1. Before we move on, is residue 16 assigned to a loop (DSSP other than H, G, I, E, B) and either among the aromatic types (Phe, Trp, Tyr) or without any contact (Cβ under 8 Å) to a residue 24 or more places away in the chain (or both)?
2. Which members of the stretch 27-59 meet the condition of being part of a loop (DSSP other than H, G, I, E, B) and closer than 23 Å to residue 69 by Cβ?
3. Taking the stretch 22-62 on its own, how many of its residues are within 15 Å of residue 12 (Cβ to Cβ) and open to solvent by 70 Å² or more (accessible area, probe 1.4 Å)?
4. Only residues that are of a type in the set (A, V, I, L, M, F, W, C) and part of a helix (DSSP H, G or I): list them for the stretch 1-13, please.
5. On the basis of being modelled with pLDDT of 95 or more and under 10 Å from the mean Cα position of the chain (by Cα), does residue 48 make the cut?
6. If I filter the stretch 60-69 down to residues being in a strand (DSSP E or B) and farther than 16 Å from residue 6 by Cβ, which single residue comes out as farthest from the chain's Cα centre (by Cα)?
Amino acid sequence: FLIKIYNFDKYSAVFYADIRQERTKLGLPISHADCQIAAIACQHNCTLVTRNIKDFQNIELLTILNPFE
């Protein structure tokens, strides 16, 4: 396996701004760290694997997988 690490960069910052704005508009605040994680996953079209799905719901381009369900 090749290990791939994605950085938060100027491209993911655009996704970050969109996610932050949409979640704020919906009345669903998101932490800075969670928003960065979601932005990176959206930018690279990755599935976010987490047990904490409630903090990542209602993000249009984000696919979430809870491995414990």
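The values are calculated or read from the model by the stated rules, or taken from the named source; none is laboratory data. Keep in mind it's a predicted model, so treat the numbers as computed, not measured. Note that each Cβ is placed from the backbone with ideal geometry, even for glycine, and that neighbours are counted across all protein chains shown. Remember, those area values only see protein heavy atoms, side chains included, never the ligands or the DNA or RNA. Shrake-Rupley method; radii C 1.70, N 1.55, O 1.52, S 1.80 Å.
1. No; evaluated as a whole, the condition is false for this residue.
2. Matches in the stretch 27-59: 28, 30, 31, 45, 46, 50, 51, 52, 57, 58, 59.
3. 4
4. Of everything in the stretch 1-13, just one residue is of a type in the set (A, V, I, L, M, F, W, C) and part of a helix (DSSP H, G or I), namely 13.
5. yes
6. Result: 65.
One line per residue, one yes/no per condition, for (1) free of Cβ contacts under 8 Å to residues at least 12 places away in the same chain; (2) of a type in the set (Lys, Arg):
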| position | (1), (2) |
| --- | --- |
| 21 | yes, no |
| 25 | yes, yes |
| 34 | no, no |
| 40 | no, no |
| 58 | no, no |
